[in-house]
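The values are calculated or read from the model by the stated rules, or taken from the named source; none is laboratory data. Just so we're clear, the structure is a prediction, and the values are computed from it rather than from any experiment. For neighbour counting, all protein chains shown are included, and Cβ atoms are generated from backbone atoms with ideal geometry for every residue, glycine included.
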Amino acid sequence: MKRPTQAYTPEFSHAFQNKLQEYGMTCSMSRKGNGWDNAPTESWFNSFNNERGHGIRHATHAEIKAVAFEYIEVFHNRKRPHSTLGYRSPIQFLENWIREPHQQ
């Protein structure tokens, strides 16, 4: 089920939520004005700045893009343990999730 870019209908919202539940997933959307939506993103940027960017000035846009790519694709997604994932990396979490049986 694709998530539309147009206005949501109550029927679609219920179907979308039900499909997420079938796969054991939790939707991260909340009510309008709820500041918790940005918390994971703010936490990620804080980690990135502390672990790779704090106090470093890059000479070019390409240089910071390379640093960000290495951090995200090599370190963050493959190696860095995440407390919300049971101290596993996102790759480890995904591999475990794929091996588990799910309803379809």
Leading residue by the ranking (nearest to residue 48 (Cα to Cα)) among those in region 80-104 that are aromatic (Phe, Trp, Tyr) and either touching a His at 6+ places or on another chain (Cβ under 9 Å) or in a loop (DSSP other than H, G, I, E, B) (or both):
87
Looking only at region 59-86, which residues are loosely packed, with under 10 Cβ neighbours inside 10 Å and either over 30 Å from residue 18 (Cβ atoms) or modelled with pLDDT of 90 or more (or both)?
59, 60, 61, 62
I'm checking my understanding of the structure. Among residues of region 1-54 that are outside any helix (DSSP H, G or I) and closer than 23 Å to residue 100 by Cβ, which one is modelled with the lowest pLDDT?
1
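Restricting to region 36-86, name every residue that is charged (D, E, K, R) and touching a Ser or Thr at 6+ places or on another chain (Cβ under 9 Å). Explain how you work it out, then say what you get.
To start, the set of residues in region 36-86 that are charged (D, E, K, R) comprises 37, 42, 51-52, 57, 63, 65, 70, 73, 78-80.
Within region 36-86, 37, 78, 79, 80 meet the criteria.
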